[in-house]
């Protein structure tokens, strides 16, 4: 088996009875080890829900998930959790406001009983390019980009094989986005990581990923590679529309008559 | 002085201790910028000091020794607050009474805070049936009228300060459980909890190390604000003769004892009454200040 | 090039400063900004902390409390904003100058129907009957291309999608016919396909009514494709003023850096350019 992630017919339903809502409706794709796969779509397309299902934060209502060569257990043991880690969109919300950077990085090490904690904390700070002297700062004493570096360090400190990235740069300034994307590229190369990247930004996905799935309303409408994403050659009209709107603003009377 | 300040406000703390102290100091700066909160703090500190130093401020004997020749004397140099109907020195009684008030406040806080916090956090974090059962239990206790339950309690056990404390504690925790639950529900949805789950942290660990530090400030604030009510309830029970029993110098009981003389010898009731008022006010002001200084939503 | 600026400026700003007193001393969010604008679309671009949103708020004197606004001149439609009292400001806000925020979810009153909110805004600035206000509100909703204004009129904000909510917000802000509209990241909470529609509506209304529009955004490309002129902010100052069409001819290294660090669909590269910030940029 050299598939890192195998998703087949995944369904996720929120709520019960008449109020239920299918966020993901029969999604299938595979990501081989070492590859970088992108999920693109607008809000409500279900792309983030897939990430949450893969990290067992939400429970699927149907379909099969295989991660790192085995089926995803309902109550995954710690050893399994370690292998798949998440980076969230908003570094302001994903770091505990009352924990120092040191504590944020130490927590996962304690949970998994890792040895050489001091060394690992310092090493992970170095790896994400944070000065060691920031170690005892609190998140509110860091900039957005630095916080996202902490979040990445927290995910990497457990030495995972798969990193699930949920809009990792959309809350950041563009100049910081470039730094974080470069960092993620470097880390992937250095550690042979598998990435599953969720984003609404086509250019970011094209830059980071080998293959891309375009999602709309809980379904994958098209799977393509980054080359086709760049040129805008698609088979599905929705992909075409998404691509067109990401090209910037044009005074186009055609778009005016919607409503 | 300047050195200590820059150490506390350092941008790059060199140790966990420095980082934590720096956070306390920032909260203190926020609190000390509020004059009303400082007045509240001063009153609470005064209460603490007078409770701690009571035997040195006023001799213990003066609290109980009766002097029927010198009863109902107005405030004078000899008796600063005057004397009561049995000729006991009111100043000594008020000072020693602060020990009782402080004990009530401390015991209720120790019982109510942790109980409400734990029940609320567990209900909020675990959810489902656990939540339903715990919250219905909370509702049951919330439905008891506090003073009436206290009366029943005291009647069933025996009148005394311990029964009063127990009765107050049992009827006081539900609002804390609700508060902690509401906070927990909000915290539970945050990404940092999702991150902790994804890293394999267990539920007890998450509650203890992630949820609790964020619930604490609001519980402490609420507790401080409620102190006034607790002191008043205790005094009320004392006034009705169901709390502290004579000759104990509990302030509520003292007000009750003086109520027959209130028209001619106003000080007998009024002075312990002022003590109750001041301490309640102090806790209220401090609580308000703490709310502004500690509110996690502001930082 | 200042050929677009017309003879009588709608908005004149000179030496605008906004400072906040904090525990660590005085922090200046805006440090001496001057510009004038006419009936044009002006973009203000910068990263977080550059002071761009603070400028927007300062123009309406809506800077939150420890903030202090000073300057040599701040005039909207010839009226002085700096010396205006609270009463004058109420007439000014909404009447002369209005603002659209990022997320309609937070800027619309959640417990009031859309129609009622728009009517209220109209009646605050014009003496009209309830009936006339209602007619104006309907008109305003039609103007933002809501095909079924009757339905939206009776909706509560949470019953609308993000794009619809933002249109309602635009309708409300334009219903009092201000001279200048400030749009602070008006589309960044919206999906890309909806973004274009909202921008098109904004564009259309502003040019048809001959208003001035200030668009505040972090997205240089978007602003350049939408506005006539762009001010680039860095650390509380304007570092460069550009004709939107001349983006590629930007001179300041910060502006050039902002353009260069974006990943692009049109060109594949293994690494993105990052910005080397020069401390001198903030000391102009």
- Message: Quick check on residue C:213: is it within 26 Å of residue C:74 (Cβ to Cβ) and free of Cβ contacts under 8 Å to residues at least 40 places away in the same chain?
- Response: no
- Note on the structure: Looking across segment B:1-40 at residues that are modelled with pLDDT under 80 and closer than 22 Å to residue A:104 by Cα, the single one that is nearest to the other protein chains (Cβ to nearest Cβ) is B:12
- Query: Assuming residue A:79 fulfils every condition listed in (1) under 23 Å from the mean Cα position of the chain (by Cα); (2) facing chain B (nearest Cβ under 9 Å); (3) under 22 Å from residue B:18 (Cβ atoms) apart from one, which condition is it?
  - Reply: (3)
- Task: Taking residue C:172 as meeting all but one of (1) within 13 Å of another protein chain (Cβ to nearest Cβ); (2) outside any loop (DSSP other than H, G, I, E, B); (3) surrounded by 22 or more Cβ atoms within 10 Å (Cβ to Cβ), write down the number of the exception.
- Result: (1)
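Just name the residue that is farthest from residue C:263 (Cα to Cα) out of those in segment A:160-169 that are within 13 Å of the chain's Cα centre (by Cα) and more than 10 Å from chain C (Cβ to nearest Cβ). Break it down stepwise before answering.
Of segment A:160-169, the ones within 13 Å of the chain's Cα centre (by Cα) are A:162-169.
Narrowing further to those that are more than 10 Å from chain C (Cβ to nearest Cβ): A:162-168.
Numbers: A:162: 24, A:163: 21, A:164: 20, A:165: 17, A:166: 18, A:167: 15, A:168: 14 Å.
That would be A:162.
Anything in segment B:239-256 that is within 20 Å of residue B:66 (Cβ to Cβ), in contact (Cβ under 8 Å) with a residue 60 or more places away in the chain and surrounded by 23 or more Cβ atoms within 10 Å (Cβ to Cβ)? List them, or say none. Show your work before the answer.
Initial filter on segment B:239-256 (within 20 Å of residue B:66 (Cβ to Cβ)): B:241, B:244-251, B:253-256.
Pick out the ones that are also in contact (Cβ under 8 Å) with a residue 60 or more places away in the chain and you get B:241, B:244-245, B:247-251, B:254.
B:244, B:249, B:250, B:251, B:254, listed by residue number.
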- Any residue in segment B:112-128 that is more than 24 Å from residue B:214 (Cα to Cα), in contact with a helix residue (DSSP H, G or I) (Cβ under 9 Å, 6 or more places away or on another chain) and assigned to a helix (DSSP H, G or I)? no
- 1 or more residues at negative phi and more than 19 Å from the chain's Cα centre (by Cα): qualifying strands (runs of 3 or more DSSP E) within segment C:21-129: C:25-37, C:67-70, C:73-76
- Condition met for residue B:158 (part of a loop (DSSP other than H, G, I, E, B) and surrounded by fewer than 15 Cβ atoms within 10 Å (Cβ to Cβ)): yes
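Yes/no per residue for (1) within 14 Å of another protein chain (Cβ to nearest Cβ); (2) in contact with a helix residue (DSSP H, G or I) (Cβ under 7 Å, 6 or more places away or on another chain); (3) on the phi > 0 side of the Ramachandran plot; (4) not in a helix (DSSP H, G or I):
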position	(1), (2), (3), (4)
B:217	yes, yes, no, no
B:249	no, yes, no, yes
B:273	no, yes, no, no
B:282	no, yes, no, no
- Scanning for something more than 29 Å from residue A:54 (Cβ to Cβ), surrounded by fewer than 21 Cβ atoms within 10 Å (Cβ to Cβ), more than 10 Å from every other protein chain (Cβ to nearest Cβ) and in contact (Cβ under 8 Å) with a residue 40 or more places away in the chain, does segment B:181-198 turn up at least one residue? yes
- Query: Which of the residues spanning segment B:257-268 are surrounded by 19 or more Cβ atoms within 10 Å (Cβ to Cβ) and part of a helix (DSSP H, G or I)?
  - Reply: B:257, B:258, B:267, B:268
- Message: So residue A:129 ticks every box in (1) at pLDDT 90 or above; (2) within 12 Å of another protein chain (Cβ to nearest Cβ); (3) crowded, with 18+ Cβ neighbours inside 10 Å but one. Which box is left unticked?
- Response: (3)
- Task: Could you name every one of the helices (runs of 4 or more DSSP H) located completely within segment B:15-63 that has at least 3 residues being surrounded by fewer than 15 Cβ atoms within 10 Å (Cβ to Cβ) and under 16 Å from the mean Cα position of the chain (by Cα)?
- Result: B:35-52
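If only one of B:228, B:177, B:169, B:201 is within 11 Å of chain A (Cβ to nearest Cβ) and either closer than 26 Å to residue A:159 by Cα or in a helix (DSSP H, G or I) (or both), which one is it? Steps first, answer last, please.
On the way: B:228 fails: within 11 Å of chain A (Cβ to nearest Cβ); B:177 fails: within 11 Å of chain A (Cβ to nearest Cβ); B:169 fails: within 11 Å of chain A (Cβ to nearest Cβ).
None of the others qualify; the one that does is B:201.
Do any helices (runs of 4 or more DSSP H) lying entirely in segment A:170-259 carry at least 1 residues that are more than 7 Å from chain C (Cβ to nearest Cβ) and in contact with a helix residue (DSSP H, G or I) (Cβ under 7 Å, 6 or more places away or on another chain), and which ones are they?
On the way: elements: A:174-191, A:202-208, A:226-231, A:237-245, A:253-256.
Counting at least 1 such residues, we get A:174-191, A:202-208, A:226-231, A:237-245.
The values are calculated or read from the model by the stated rules, or taken from the named source; none is laboratory data. Note that this is a predicted model, so its numbers are computed, not measured. Because the Cβ atoms are built from the backbone with ideal geometry, glycine has one as well, and the counts that use them run over all protein chains shown.
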